[in-house]
1. Report, to the nearest 10°, how far helix 156-165 tilts away from the longest principal axis of the Cα atoms in the chain, using its own Cα long axis and a range of 0 to 90°.
2. If the chain between residue 125 and residue 17 were fully stretched, how many nm would it gain, using 0.36 nm times the residue separation less the Cα-Cα distance?
3. With labels modelled as points extended 7 Å from the Cα through the Cβ direction, what inter-label distance (nm, one decimal) is found for residue 185 paired with residue 29?
4. If one computes P(r) from the Cα atoms of the stretch 103-282, what percent of pairs lie at distances over 22 Å?
5. With labels modelled as points extended 7 Å from the Cα through the Cβ direction, what inter-label distance (nm, one decimal) is found for residue 101 paired with residue 276?
6. Of 170, 57, 294, which has the largest mean-square fluctuation in a 10 Å C-alpha GNM of the chain?
7. Evaluate the Debye formula for the chain with equal point scatterers sitting on the alpha carbons, no solvent, and hand back log10 of I(q)/I(0) at q = 0.07, 0.13 Å⁻¹, in q order, two decimals.
8. Evaluate E = 1/(1 + (r/R0)^6) for residue 251 and residue 145, where r is the Cβ-Cβ distance and R0 equals 30 Å; express this FRET efficiency to the nearest 0.05.
């Protein structure tokens, strides 16, 4: 049996159901550790051939890896691994897999719920009913049937959202310079230029990874071009949007709504207008896995372990090249 150790915050949150299955397949030789406890007991890494981790994983730099000379594989029961891998890690040719697909599922569910709610202008009406103490608010709504939904990037989450929207009789347009014509046809998505997505869509949802090329991708001009009563949704990363420009447009265009599950910085500065603008809905980065949803990530890692031990390719394995374009 390969020897394994858990290193993460909130062990029960992710591996509370999966650890029995995992423990039957590998020799878990120590109690679950955190970043702090493993720092205080570095000798525990000496026997580690497999690390199961998640949020709170230590950065696997040269110093860390020197303490883990037998390490062969890392199973990361969370999303992006950008914050934990280093060049030293890749130089060791250690296999790594992530539950990013499992973490994508609740993001898709959250996004689709907000798209449909926004097509009814739900947040606007909820606010106005309280303010006016009346249901007599004579505003038109786009509605779902025949509405245009714009997606910025068709990575894993964007594609899942597009597939989900097929059942709601809306027209999906998207911007992603890396998607082929054939892929777009399979997704039943019309590909457009970025400016056109903002100009045409009733709701625009951002799913772009945060890389150097996408930082500040969405400008004030994009928002200013949006249709009357349109909605912007961001569950990706706050830095994709030029926030001050967005705020300026939202102050000038009270008909627009912005649903922001992410900001930059996160949370916003205490004096940020985002807290007081009526047409801004802030949620505290909850689109990703929460509570029981986190157990799905542990289950994915248990499935990956079986593949690894059976000599099969890792379904969610990540390479140095792939991590660069992940959110």
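Bear in mind these aren't lab numbers, they're just calculated from the coordinates by the rules spelled out. If you're wondering where the values come from, they're calculated on a predicted model, not measured in any experiment. Every residue, glycine as well, gets a Cβ built from its backbone with ideal geometry; the counts of neighbours run over all protein chains shown.
1. On a 0 to 90 degree scale, this one is about 50.
2. Values: separation 108, 0.36 × 108 = 38.88 nm, distance 4.10 nm.
Answer, rounded to one decimal: 34.8 nm.
3. Those two pseudo-labels are separated by 5.6 nm.
4. Details: 6713 of 16110 pairs.
The calculated P(r) of the stretch 103-282 puts 42 percent of pairs beyond 22 Å.
5. Simple spin-label model gives 4.7 nm for this pair.
6. Among 170, 57, 294, the largest GNM mean-square fluctuation belongs to 170.
7. Listed by q, the Debye log ratios stand at -0.34, -0.98.
8. Working: r = 32 Å, r/R0 = 1.07.
Result of the calculation: an efficiency of 0.40.
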